[in-house]
Amino acid sequence: METKLIKIDGGQPEAEPIRLAGQIIKNGGLVAFPTETVYGLGGDALNPDSSRKIYEAKGRPSDNPLIVHICRWEDIYKIAEPVPEEARKLAKAFWPGPLTMILRKTDLVPQETTGGLSTVAVRFPADLRALAFIEAAGGFVAAPSANASGRPSPTLARYVQEDMDGRIEMILDGGEVGIGLESTIVDLTGAEPMILRPGFITKEMLEEVLNTVEVDKTILDVDCRLRPKAPGMRYKHYAPKGTLSIVEGASETVVRSICEKSRSAKACGERVGIIATDETVQRYLTDSQADSVKSAGSRSDEAAVGRNLYRILREFDDEGMTVMYAESFAEHGFGQAIMNRLLKAAGHRVEIV
Ligand code: AMP
Ligand code: MG
């Protein structure tokens with residue numbers, strides 16, 4: 001199959017490519033599209049064959065449910081029942097936006113889309129091009145991140161192309177995404193609302209709207225013996241080809257320790273990559289002898305760190321790094337999402353210095 005790449009990077013939806021993309025979805029095909037979080041791999045959420053194709057294209061286990069994207073609030077009533085008061089409050093505060101809610105599904109949603117579960121994940125994204133595409137596609141687009149299973153979620157169309165070329169009909173190239181980490185997932189089907197995956201909408205933000213919000217304990221659990229509630233969080237999300245370790249401690253001690261580790265790894269013939277911050281990057285460039293040192297951004301701008309993280313991990317893979325070190329980030333606010341993804345990439349390897 002030939003995968004068409006169509007640029008729509010003007011920020012505003014362009015009628016013709018979006019119409020074509022919508023038609024592909026209605027015909028049971030797959031289209032990757034930009035959202036404010038990462039690129040999604042879209043298919044018709046109400047067509048079981050489309051969902052099967054998504055799993056196949058990604059090489060994703062079919063018990064890992066997909067997120068259903070909508071473009072109008074009212075459409076939630078077609079796919080979820082009941083729609084609790086908390087869902088209405090969260091939608092009012094954060095939709096359209098990077099928040100996914102887990103609700104009980106209606107019969108309209110096939111089991112193939114929900115990985116056999118009786119619940120459905122629903123998101124109303126904010127990106128105008130994503131909204132126009134969902135509308136053109138019939139209103140219900142199932143979309144996981146548009147990476148091959150086991151690779152970082154794509155933040156650029158180029159990365160979608162690397163993973164999906166020849167496997168899907170079209171990629172809508174909307175340039176670099178804004179947030180760079182997947183949506184926050186909150187489960188509203190239990191006794192208390194619970195965050196299953198941290199994201200740009202933080203626990204603190206959710207608690208301003210709902211009084212108490214629990215966090216699935218496995219999210220930042222270092223020894224990780226518990227079973228995560230979101231099926232997808234159970235899989236080793238992304239395993240770099242090399243070995244990534246997070247080094248945690250006071251800034252000065254961390255820098256010194258990473259530099260030492262890097263020099264000894266170099267002496268053993270490893271190719272070393274370091275994920276630094278603007279505040280520390282210069283030190284590593286001078287003292288670590290690492291093959292590649294990349295700053296994820298300034299510690300005072302966590303949004304930049306979130307946006308750059310997956311790109312850096314992909315680049316390190318492409319550059320053949322065998323050993324990587326990353327500084328750690330605060331485990332509250334958006335830092336919680338950054339740390340969660342880093343921990344997964346590091347297979348929960350953390351060294352406290
Ligand atoms: P992705 O779209 O690649 O970001 O992956 C979707 C994430 O949402 C995965 O971690 C899924 O396990 C999770 N998810 C989707 N539907 C549900 C559901 N009904 N219950 C719990 N988690 C879900
Ligand atoms: Mg994903």
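The values are calculated or read from the model by the stated rules, or taken from the named source; none is laboratory data. No experiment lies behind these values; they were computed from the predicted model shown. Glycine also receives a Cβ, built like all others from the backbone with ideal geometry; neighbour counts cover every protein chain displayed.
Which of the numbered conditions does Lys217 fail, given that it passes all the others? Conditions: (1) more than 29 Å from Thr106 (Cβ to Cβ); (2) modelled with pLDDT under 75.
Exception for Lys217: condition (2).
Can you name every one of the strands (runs of 3 or more DSSP E) wholly within the stretch 1-79 that holds 3 or more residues which are surrounded by fewer than 21 Cβ atoms within 10 Å (Cβ to Cβ)?
So the answer is 4-7.
Tally up the residues in the stretch 46-60 that are closer than 30 Å to Asn308 by Cα and either free of Cβ contacts under 8 Å to residues at least 12 places away in the same chain or not β-branched (Val, Ile, Thr) (or both), please.
8
What is the number of the single condition among (1) farther than 23 Å from Met205 by Cβ; (2) within 13 Å of ligand 1 (Cβ to nearest atom) that Glu56 does not meet?
Failing condition for Glu56: (2).
Please specify each residue of the stretch 277-305 satisfying the condition of being assigned to a helix (DSSP H, G or I) and small (Gly, Ala, Ser).
Selection gives Ala303, Ala304.
Would you confirm whether any residue within the stretch 164-181 is in a helix (DSSP H, G or I) and without any contact (Cβ under 8 Å) to a residue 60 or more places away in the chain?
Among the residues of the stretch 164-181, not one is in a helix (DSSP H, G or I) and without any contact (Cβ under 8 Å) to a residue 60 or more places away in the chain, which makes the answer no.
How many of the residues in the stretch 85-143 are in contact (Cβ under 8 Å) with a residue 24 or more places away in the chain and assigned to a loop (DSSP other than H, G, I, E, B)?
Counting residues in the stretch 85-143 that are in contact (Cβ under 8 Å) with a residue 24 or more places away in the chain and assigned to a loop (DSSP other than H, G, I, E, B) gives 24.
Listed here are the residues, each with its yes/no results for (1) more than 16 Å from ligand 2 (Cβ to nearest atom); (2) part of a helix (DSSP H, G or I); (3) modelled with pLDDT of 95 or more.
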site	(1), (2), (3)
Gly232	no, yes, no
Leu244	yes, no, yes
Glu252	yes, yes, yes
Cys259	yes, yes, yes
Ser262	yes, yes, yes
Lys266	yes, yes, yes
Glu270	yes, no, yes
Ile275	yes, no, yes
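Residues of the stretch 312-344 being of a type in the set (Gly, Ala, Ser), surrounded by fewer than 23 Cβ atoms within 10 Å (Cβ to Cβ) and under 20 Å from the mean Cα position of the chain (by Cα), which ones?
From the stretch 312-344, those of a type in the set (Gly, Ala, Ser) are 320, 326, 328, 330, 333, 335, 337; that's our starting set.
Pick out the ones that are also surrounded by fewer than 23 Cβ atoms within 10 Å (Cβ to Cβ) and you get 320, 328, 330, 333, 335.
Ser328, Ala330, Gly333, Gly335 - these are the residues of the stretch 312-344 that are of a type in the set (Gly, Ala, Ser), surrounded by fewer than 23 Cβ atoms within 10 Å (Cβ to Cβ) and under 20 Å from the mean Cα position of the chain (by Cα).
How many residues does the stretch 172-208 contain that are surrounded by fewer than 16 Cβ atoms within 10 Å (Cβ to Cβ), away from ligand 1 (no atom under 16 Å from the Cβ) and within 29 Å of Gly42 (Cβ to Cβ)?
Count: 2.
I'm told Ser264 meets every condition in (1) out of contact with any strand residue (DSSP E or B) (no Cβ under 9 Å at 6 or more places or on another chain); (2) within 27 Å of Glu207 (Cβ to Cβ) except one. Can you identify the failing condition by its number?
(2)
For residues in the stretch 46-105 being more than 16 Å from ligand 2 (Cβ to nearest atom) and among the β-branched types (Val, Ile, Thr), which is nearest to the chain's Cα centre (by Cα)?
Checking each candidate, the answer is Ile70.
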